[in-house]
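Worksheet: the structure to be examined is printed underneath.
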């Protein structure tokens, strides 16, 4: 059993496994809960740092679900299609964190939080951009 787990994790560095696990969590746990059980008053989606609420949020939720599902599958298989798209999406998240913190007042943290969150999310963005050679098909079970 331990050998199977090691073989499953081996194609990716530890930080990429964390991103893969995050995509799995979002695909199989959070997004189904968010889409099917969250009450109307709490419908929110954030795109490029701008908060969508109500029906606009609900209409874009399946796009987030597809992105996370694609990420989960792509990181599992280390698909060449993940480069550059994982880095591009990560860059979008970086920009969104900066914009959200600058625009959202009480919800966001302001300019300091924008700088900190932008810097933190820039790390995986750069790492993903520099990982082109890692994305090649594997024979993972």
Would you point out the residue of segment 75-97, among those that are in contact with a helix residue (DSSP H, G or I) (Cβ under 9 Å, 6 or more places away or on another chain) and in contact (Cβ under 8 Å) with a residue 60 or more places away in the chain, that is surrounded by the fewest Cβ atoms within 10 Å (Cβ to Cβ)?
76
Residue under question is residue 100, and the condition is that it be buried (at least 19 other Cβ atoms within 10 Å of the Cβ) and more than 14 Å from the chain's Cα centre (by Cα); does it hold?
yes
Considering only segment 39-73, how many residues are within 30 Å of residue 136 (Cβ to Cβ) and touching a residue at least 40 places away in the same chain (Cβ under 8 Å)?
4
Residue 21: surrounded by fewer than 17 Cβ atoms within 10 Å (Cβ to Cβ), without any contact (Cβ under 8 Å) to a residue 24 or more places away in the chain and closer than 23 Å to residue 117 by Cα, yes or no?
yes
Among the candidates 75, 100, 121, which residue alone is in contact with a strand residue (DSSP E or B) (Cβ under 7 Å, 6 or more places away or on another chain), part of a helix (DSSP H, G or I) and either under 19 Å from residue 11 (Cβ atoms) or modelled with pLDDT of 90 or more (or both)?
100
Tally time: how many residues in segment 56-68 are surrounded by 17 or more Cβ atoms within 10 Å (Cβ to Cβ) and under 13 Å from the mean Cα position of the chain (by Cα)?
4
Would you confirm, using the coordinates I've provided, whether residue 69 is closer than 17 Å to residue 34 by Cβ and in contact with a strand residue (DSSP E or B) (Cβ under 6 Å, 6 or more places away or on another chain)?
no
Within segment 28-49, does at least one residue satisfy the condition of being at pLDDT 95 or above, closer than 23 Å to residue 125 by Cα and either touching a strand residue (DSSP E or B) at 6+ places or on another chain (Cβ under 7 Å) or surrounded by 16 or more Cβ atoms within 10 Å (Cβ to Cβ) (or both)?
yes
Which one is modelled with the highest pLDDT, of the residues in segment 124-141 that are out of contact with any helix residue (DSSP H, G or I) (no Cβ under 8 Å at 6 or more places or on another chain) and assigned to a loop (DSSP other than H, G, I, E, B)?
130
Go through 111, 80, 62 for me and flag whichever is outside any helix (DSSP H, G or I) and either touching a strand residue (DSSP E or B) at 6+ places or on another chain (Cβ under 6 Å) or over 16 Å from residue 18 (Cβ atoms) (or both).
80
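The values are calculated or read from the model by the stated rules, or taken from the named source; none is laboratory data. In this text, all values refer to a predicted model and were calculated from it rather than measured experimentally. Positions of Cβ are generated from backbone atoms using ideal geometry, with glycine treated the same way; all protein chains shown enter the neighbour counts.
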